[in-house]
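The values are calculated or read from the model by the stated rules, or taken from the named source; none is laboratory data. Since the model is a prediction, treat every value here as computed from it, not as a measurement. Cβ sites come from the backbone with ideal geometry, for glycine too, and all protein chains shown count toward neighbours.
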Amino acid sequence: MSSHLIVGARIFDGSGSPTVAGEVLVDGNRIVAVGDRLAAPAEAEVIDGAGAVLMPGLVDGHTHLGFGSSVEHTSTRFEPDEEKVLLVAHCARVMLDHGFTSCYSGGNRMPASEVAARKAFAEGWLPGPRLRAASWEGSAGMVSPGHYDFPGIEGRESDPGSVRDFVHAMADLGVDIVKVSLTGESAVVGGTSRVMQFTEEEIEAAATAAAERGVWLTAHAHSAEAVRLAVQYGVRAIYHATFSDDEAIEALVEARDRVFVAPTPGIIWAHLHDEEHPPTPEMETYETQASIARVAPELHKRGVRMVIGGDYGFPINPIGRNARDLRLFVEWFGLTPAEALRCACEYGGQLMEQQVGLVREGYLADLLLVEGDPTEDVTLLEDPANLAMIMSDGRLHKIDPARRTASGR
Ligand SMILES: [Zn+2]
């Protein structure tokens, strides 16, 4: 097993506390010590962190590897399935190159590809973040994967059986997460963000089956009603939560020990800055921005754990831009840089339910060495040139040669 000793850096431990001077010793894939003048094995590779900040690898809570667009390659979204699988691997490598060592998937039209990718990344023969694999995004009437028309629940029979079968089928594939689109999405089909796509009976069926099978539920939920029902039926991760009213916010606050919210600002920003297709009124882009900019600060103030992740993977919002969410948490939601980083680190680790997101003894060695101080300026993390080191599961995915020193101090 290789070991690494990182010296001379200031450490941001991921909890939001101020940076401190110290050293970190990594043995194999674990952080084994954090402190001053650590005793390290003679063969430990020493990494010089002078002038830099050592911090946990970032966790993204809402990205779609399967949408296939990155800062290096734009997907048509109509590739053959074989190519789509390769795009998952491509996008995952791009995420890791940008300092994201964990990814809690937002859904994939081909869930088995995420199950396979999760294994490949964990075994270390393909570069990618730790992955929580997700199902396809179940929507009204359980039509086919990747089909988004959001007809709602009016004029169709409630069909809890199909929802139950969906959850079981996804659990059989081995996903960690089953995703349900409780509301529509106005950016895709105009005017549907506040239209319920599932009956209460169907949500209950999803919750019962998920509990039976030990999989987590994620809800795409823009409306207050959808948020309230998601909380009521034990959904673990709620995406958007855009139009939460006082009652929905109260429900989230009460459930704050078991629920995570991804307010997903990145995709809103992308629509606002899309010069080729500027937002139309039906997309409700401005209302969405204004409402989440009111709701998210309230959730933060009242102790609801928010995670970053802005629906990355679309051509206008490619993977590799994920760290933009940090800036939007600061600029739109009023968090301090350290608080925004806590969302991407400590809360992200809790979302993954793995020992990641903190620089602590016993935690997994997912670490970044950042040129400059991201607790002063989170935008440093938007440029991978500022990442002098990316360590993933104890392996050096990237290291600036100038930071390598001969063994021993
Ligand atoms: Zn999404």
Scan Ser244, Ser186, Ser223 and give me the residue that is of a type in the set (S, T, N, Q), within 14 Å of the ligand (Cβ to nearest atom) and under 22 Å from Ser291 (Cα atoms).
Ser186
Touching a residue at least 60 places away in the same chain (Cβ under 8 Å) and more than 16 Å from the ligand (Cβ to nearest atom) - does that describe any residue in segment 78-96?
yes
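Here is a yes/no grid of residues against (1) touching a strand residue (DSSP E or B) at 6+ places or on another chain (Cβ under 8 Å); (2) surrounded by 24 or more Cβ atoms within 10 Å (Cβ to Cβ); (3) within 23 Å of Ala290 (Cβ to Cβ):
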residue	(1), (2), (3)
Val195	yes, no, yes
Ala207	yes, no, no
Arg213	no, no, no
Ala219	yes, yes, yes
Ala230	yes, yes, yes
Given the structure, is Gly16 of a type outside the set (A, V, I, L, M) and not in a loop (DSSP other than H, G, I, E, B)?
no
Would you check if there is a residue in segment 302-321 being at pLDDT 95 or above and assigned to a helix (DSSP H, G or I)?
no
Looking for whichever is in the same structural domain as His64 (by TED's automatic domain parsing) and within 16 Å of the ligand (Cβ to nearest atom) here; the options are Gly320, Gly334, Gly313. Which one fits?
Gly313
Only one of Ala50, Ala33 is outside any strand (DSSP E or B) and at pLDDT 95 or above; which?
Ala50
Within the bounds of segment 103-116, is there any residue that is farther than 25 Å from Phe166 by Cβ and out of contact with any Leu (no Cβ under 6 Å at 6 or more places or on another chain)?
no
Search result, residues across segment 53-81 that are modelled with pLDDT under 95 and on the phi > 0 side of the Ramachandran plot:
Arg77
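This table checks each residue for (1) within 16 Å of the ligand (Cβ to nearest atom); (2) touching an Asp or Glu at 6+ places or on another chain (Cβ under 9 Å); (3) in the same structural domain as Gly310 (by TED's automatic domain parsing); (4) touching a residue at least 12 places away in the same chain (Cβ under 8 Å).
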site: Thr63; (1), (2), (3), (4): yes, yes, yes, yes
site: His73; (1), (2), (3), (4): no, no, yes, yes
site: Gly99; (1), (2), (3), (4): no, no, yes, yes
site: Glu123; (1), (2), (3), (4): no, no, yes, no
site: Leu126; (1), (2), (3), (4): no, no, yes, yes
site: Glu137; (1), (2), (3), (4): yes, no, yes, yes
site: Tyr148; (1), (2), (3), (4): yes, yes, yes, yes
